[in-house]
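One structure is given here, and the rest of the page talks about it.
Rule-based calculations on the coordinates, nothing more; no lab input. Not measured: the values here are computed from a predicted model. Please note: Cβ atoms are built from the backbone with ideal geometry, for glycine as well, and neighbour counts cover all protein chains shown.
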Amino acid sequence: MKDLNFFLQNVQKNNFLINTVLEVNQNFDIIFIQEPLWTTLRTIPSSMNSEDISLLGIPNHPNWLIFAREPCLTNDFPRVIIYINVRLSSLCFSLQKNIINHCNILLASFFNNSIVYWIMNIYSDSLHSALKYLKDTEVNILNLLIMTSDFNIRDSIWDPSFPHHPAISDDLMTIADSFNLDLLFPTYCISTRYLDTVGELNSVIDLMFLQSGSTELNNYLVYLL
């Protein structure tokens, strides 16, 4: 299997940013998006009542395959998307909602030389509901290559400007260890969240975990958009 190039971005409900990322990053193979904006694409007649049904969607692009859960509640939309470059279509990517069923977690599988591999995109909200779900759910996944996300956790382990170590970080590390994953550290340590609020510091909350023993460990870059 050739090297896979991943791109991660929290778009903060800015679909123009998604379209830009999809257009300018076609050299990447897989793009993980957090916090997209679900918008009404069109309305369709309902057979159940007199009101039309809103058909919701997210940005599409001819060079990318979309993997996302369908919205089930109007006030609780899925916060993660995975885009797969169409040049990887032969690897038969598939969304595995039957294994992990959470609106803030996407688990996808693909085949290479008859071996199943997995990738996981997570958004951890202020209540860390996705991490609590993973901690309480017994899932045995072999060959999980990458788990990455906006984890919304500040910790001195990965953020030198933050002096504390919260308990939720231990849960995150336990989850990563259960999937045989190691935390990566970027080639250059810079903040991944920049704030305009006076008195609040920028932070590192976007993290990446790779399969233990990967030669790519501790070798990725953070781009400023």
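Remark: spin-label model distance Leu91-Asn60 equals 2.3 nm, labels positioned 7 Å along the Cα→Cβ axis.
When Ser126, Ser149, Ser109 are arranged by Cβ crowding within 10 Å, least crowded first, meaning fewest neighbours, the order is Ser126, Ser109, Ser149. Between Asn14 and Asp177, the simple spin-label model (points 7 angstrom out along Cα→Cβ) gives 3.8 nm. Counting Lys and Arg as +1 and Asp and Glu as -1 over every other residue whose Cβ lies under 11 Å from the Cβ of Ser178, the net charge comes to -2.
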